Amino acid sequence: MELKEKTKLSSRTLAKHLNQMTNLQIIEKKTDVESGKYPVPVLYKATPELTTYIKASITREEVANTLEPALNESKDPLRILEAIHASSQLYFIELLTQIQQNKIVTNEQISFFAECFLWANYKQYTSKLIEASRKIINDLNITQSLINQAKRQTRISETVLKIYEKMEQKNIHDVPRNPDDT
């Protein structure tokens, strides 16, 4: 009844949508026979996956809304695109880590994580960046953006290489050596 009041949908339409979402395992349905009420109340609850997806969508929208002001300040769409790539890389590494630790094991779980944190983010962020870039297209110096990007990539690559080499050395030293391996 609460959902019917809030959504302003007919009972039939609401039941149809709730059944579809239950079948898709987006929401969970529970009949509350212990309440002693008649008619027996039916309770619906968002699944943890739906909650995760909604939270990711809200965060994605908040981040997307920061892209235009950032571009207006920097006038360098490639700098913003690099940040989008860095974010995608972090989520991709997290996905691989979750798979490696057997926390995400099924193809459905992998697809869900990828949709929530990789594909949807990348599409929304790059779409927003293109839209923002069109607004300031006459103020952009694309050649200078490319030069700046090349300089940043050189500095970042050298720094990241040093960090990764230190990580690799730490991993090598952390692994107990087996005399039989030599």
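The values are calculated or read from the model by the stated rules, or taken from the named source; none is laboratory data. For clarity, every value in this text was computed on a predicted model and none was experimentally measured. Because the Cβ atoms are built from the backbone with ideal geometry, glycine has one as well, and the counts that use them run over all protein chains shown.
Report yes if some residue within segment 106-128 is exposed (fewer than 11 other Cβ atoms within 10 Å of the Cβ), out of contact with any helix residue (DSSP H, G or I) (no Cβ under 7 Å at 6 or more places or on another chain) and at pLDDT below 95; otherwise report no.
Yes, segment 106-128 contains a residue that is exposed (fewer than 11 other Cβ atoms within 10 Å of the Cβ), out of contact with any helix residue (DSSP H, G or I) (no Cβ under 7 Å at 6 or more places or on another chain) and at pLDDT below 95.
Among the residues of segment 39-48, is any among the hydrophobic types (A, V, I, L, M, F, W, C), touching a Lys or Arg at 6+ places or on another chain (Cβ under 8 Å) and over 23 Å from Thr106 (Cα atoms)?
There is at least one residue in segment 39-48 that is among the hydrophobic types (A, V, I, L, M, F, W, C), touching a Lys or Arg at 6+ places or on another chain (Cβ under 8 Å) and over 23 Å from Thr106 (Cα atoms).
Would you mind finding the one in Thr22, Thr66, Thr59 that is assigned to a helix (DSSP H, G or I), under 30 Å from Asn141 (Cβ atoms), out of contact with any helix residue (DSSP H, G or I) (no Cβ under 8 Å at 6 or more places or on another chain) and not acidic (Asp, Glu)?
None of the other options fit; the residue is Thr66.
Only one residue in Lys6, Lys29, Lys37 is more than 20 Å from Glu131 (Cα to Cα), in a loop (DSSP other than H, G, I, E, B) and basic (Lys, Arg). Which one?
Criteria check complete, one pass: Lys37.
For Lys75, are the conditions met, namely being without any contact (Cβ under 8 Å) to a residue 24 or more places away in the chain and not assigned by TED's automatic domain parsing to the domain that holds Lys16?
no
Within the set of pairs 6 or more residues apart or between chains, which connect a residue that is outside any loop (DSSP other than H, G, I, E, B) inside segment 90-109 to a residue that is of a type in the set (A, V, I, L, M, F, W, C) with Cβ atoms less than 6 Å apart?
Within 6 Å, the pairs are Tyr91/Phe117; Tyr91/Leu118; Leu95/Phe113; Gln98/Ile104.
Can you find a residue that is surrounded by fewer than 12 Cβ atoms within 10 Å (Cβ to Cβ) and touching a helix residue (DSSP H, G or I) at 6+ places or on another chain (Cβ under 9 Å) anywhere in segment 26-39?
No; the residues of segment 26-39 include none that is surrounded by fewer than 12 Cβ atoms within 10 Å (Cβ to Cβ) and touching a helix residue (DSSP H, G or I) at 6+ places or on another chain (Cβ under 9 Å).
For segment 131-151: of the residues being under 10 Å from Asn72 (Cα atoms) and under 28 Å from the mean Cα position of the chain (by Cα), which is surrounded by the fewest Cβ atoms within 10 Å (Cβ to Cβ)?
The extreme case among them is Lys135.
Look through Glu115, Glu158, Glu131 and report the one residue that is assigned to a helix (DSSP H, G or I), more than 27 Å from Thr66 (Cα to Cα) and among the acidic types (Asp, Glu).
On inspection, the qualifying residue turns out to be Glu158.
Please pick out the residue among Ser74, Ser57 that is surrounded by fewer than 15 Cβ atoms within 10 Å (Cβ to Cβ), modelled with pLDDT of 90 or more, polar (S, T, N, Q) and within 19 Å of the chain's Cα centre (by Cα).
Exactly one of Ser74, Ser57 is surrounded by fewer than 15 Cβ atoms within 10 Å (Cβ to Cβ), modelled with pLDDT of 90 or more, polar (S, T, N, Q) and within 19 Å of the chain's Cα centre (by Cα), namely Ser57.
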